[in-house]
Amino acid sequence: MDARRYRMVVTSRTDYVRTGALVDEKLRHWLAQPPKRYNVDTFAEGRNEPAE
């Protein structure tokens, strides 16, 4: 699979903006949980690399 061309389609009962916000919240929560414990504050700084 060519990862540069990967697309995913989902359906949601909420609008696009709310769905994006919920996904962002869930992802940050998941990344911060053990054993990962990534620094999710890096996203607020505008960086997209929570770890090396």
Is the range 2-13 home to any residue that is open to solvent by less than 70 Å² (accessible area, probe 1.4 Å) and in a helix (DSSP H, G or I)?
no
What are the pairs, 6+ residues apart or on separate chains, where a residue within the range 1-12 that is modelled with pLDDT under 80 has its Cβ under 8 Å from a residue that is basic (Lys, Arg) and open to solvent by 100 Å² or more (accessible area, probe 1.4 Å)?
none
Quick test for you: out of Lys36, Lys26, pick the one residue that is open to solvent by 100 Å² or more (accessible area, probe 1.4 Å) and of a type outside the set (A, V, I, L, M, F, W, C).
Lys26
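Residue-by-condition table, conditions (1) acidic (Asp, Glu); (2) touching a Lys or Arg at 6+ places or on another chain (Cβ under 8 Å):
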site: Arg5; (1), (2): no, no
site: Val9; (1), (2): no, no
site: Arg13; (1), (2): no, no
site: Arg18; (1), (2): no, no
site: Lys26; (1), (2): no, no
site: Pro35; (1), (2): no, no
site: Phe43; (1), (2): no, yes
site: Gly46; (1), (2): no, no
site: Glu52; (1), (2): yes, no
Every listed condition ((1) polar (S, T, N, Q); (2) in a loop (DSSP other than H, G, I, E, B); (3) open to solvent by less than 90 Å² (accessible area, probe 1.4 Å)) holds for Thr19 save (2)
Where a residue in the range 40-52 is β-branched (Val, Ile, Thr) and in a loop (DSSP other than H, G, I, E, B) and its partner, wherever it lies, is open to solvent by 90 Å² or more (accessible area, probe 1.4 Å) and modelled with pLDDT of 75 or more, with Cβ under 9 Å and at least six apart:
Val40/His29
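The values are calculated or read from the model by the stated rules, or taken from the named source; none is laboratory data. Please read these numbers as outputs of a predicted model, since none were measured by experiment. Positions of Cβ are generated from backbone atoms using ideal geometry, with glycine treated the same way; all protein chains shown enter the neighbour counts. For accessibility, only protein heavy atoms count, side chains too; no ligands or nucleic acids. Shrake-Rupley method; radii C 1.70, N 1.55, O 1.52, S 1.80 Å.
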